[in-house]
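Working notes for the structure below.
The values are calculated or read from the model by the stated rules, or taken from the named source; none is laboratory data. Quick caveat, the model's predicted, so the values are computed rather than measured. Don't worry about glycine lacking a Cβ; one is built from the backbone with ideal geometry, like all the others, and counts go over all protein chains shown. These area figures cover heavy atoms from the full protein model, side chains too; ligands, DNA and RNA do not enter into them. Shrake-Rupley method; radii C 1.70, N 1.55, O 1.52, S 1.80 Å.
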Amino acid sequence: ALQIVDAVAESGAHALKLQTYTPDTITIDVDTPEFRISAGHDLWGGESLYQLFQKAHTPFEWHKPIFDRAASHGLTVFSAPFDPTAIELLESLGAPAYKIASSELVDLPLIRLAAQTGKPLIISTGMASVADIAHALDTARGAGATQIVLLACTASYPSPPQDSNLRRIPILAETFDVQVGLSDHTLGIGVPIASVAFGATVIEKHITLAREDGGVDSAFSMTPAEMRALVDESERAWLALGSTHIGPTESEKEGLRFRRSLYVVEDVTAGDPVTPANVRSIRPANGLPPI
């Protein structure tokens, strides 16, 4: 876990997000069909929820060393809580924000408790209807939350690019008057970079030291090198958005000098006809404009 913190800091990512739960705070130890992942699931088919969360959870006692390691790098670290004991732990560690996972969007008491801390909230909207999102936001705002980011999300693991529906991102921003982003479980960096063009200001991706190391989410996690590429290319994409201005830019000034213009290219005397041979449209642009 500490190596992952180091790798995230080195990748240039702006923040590290954990998940704070134990198997017993998120489900119960029952292995009946309704408590089991469907057999056909690509990654976790047939596993009970309790077994899956045993493998996936970050122990509570690991949190302080992880927070301390992140702080040593100057890296922002926060978490997604899944019950009141998680918020209690994270408050004791000075977490600067809270993430509400897609499945917890309907847990209004949890959202209320997170909002009452006064910290910013980042809320994933996988599987959510407009009504679900409205209820969550009303709850958060009613409990005092003023800084909220909604993340478009497709809660399948990994998720196919064609289910990303990035065109919903500006709709979320306009409908709910919030900052928007993308919690992405597709492979690669194409989808999150494209999200920047639709107004995403936050991008969340899973990370692993190496996919071959295994782990419940390794198949759709980025490597540190891929995270560095995402940091660099999403920044480039954001800078490229610019404005709606149409016309020469400051960086094109030198290019304007080398547009074409009309030059007399042969010796001529008064009364000579202008012909394609003695007047040509050539570079640079110091002569008459070709129009």
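Laid out as a table, the results:
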{"quantity": "Accessible area of the chain belonging to carbon and sulfur atoms, whole % at 1.4 Å probe", "calculated": "55 percent"}
{"quantity": "Protection proxy ranking of 78-88, 63-73 - average other beta-carbon atoms within 10 Å, highest first", "calculated": "78-88, 63-73"}
{"quantity": "Spatially close lysines, pair count over the chain: Cα under 17 Å, gap of eight or more or interchain", "calculated": "6"}
{"quantity": "Alpha-carbon Rg/Rh ratio, for the stretch 1-44, with Rh computed the Kirkwood way", "calculated": "1.18"}
{"quantity": "Rounded to 5, percent antiparallel among DSSP beta bridges of the chain", "calculated": "20 percent"}
{"quantity": "Hydrodynamic radius by Kirkwood, which averages 1/r over all alpha carbon pairs of the stretch 1-142, in angstrom", "calculated": "16.3 Å"}
{"quantity": "Approximate spin-label separation Arg280-Asn165, in nm, with each point projected 7 Å along Cα-to-Cβ", "calculated": "5.9 nm"}
{"quantity": "Accessible area per residue in Å² at 1.4 Å probe, computed on the chain", "calculated": "55 Å²"}
{"quantity": "Whether the stretch 87-221 is rounded, prolate or oblate, judged on the alpha carbon gyration tensor where a/c under 1.5 counts as rounded", "calculated": "oblate"}
{"quantity": "Shape of the stretch 147-291, Cα gyration tensor, a/c cut at 1.5", "calculated": "prolate"}
{"quantity": "Positive-pole candidate from Ser72, Leu90, Thr27, dipole of the stretch 26-106, charges at beta carbon", "calculated": "Ser72"}
{"quantity": "Per-residue [θ]222 nm for the chain (sum of -39500 (n - 2.57) over DSSP H runs n ≥ 4, rounded to 500)", "calculated": "-10000 deg cm²/dmol"}
{"quantity": "Residue list for the stretch 7-35, given a label point 7 angstrom along the Cα-to-Cβ vector of Ala71 and an amide N cut-off under 18 Å", "calculated": "9, 15-18"}
{"quantity": "Area of Glu266 that stays accessible when all protein chains are in place (1.4 Å probe, Å², to 10)", "calculated": "100 Å²"}
{"quantity": "Peptides 93-105, 238-250 ordered by average Cβ neighbours within 10 Å, highest first", "calculated": "93-105, 238-250"}
{"quantity": "Added length on full extension, which subtracts the Cα-Cα distance from 0.36 nm per residue, Leu241 to Ile4", "calculated": "82.1 nm"}
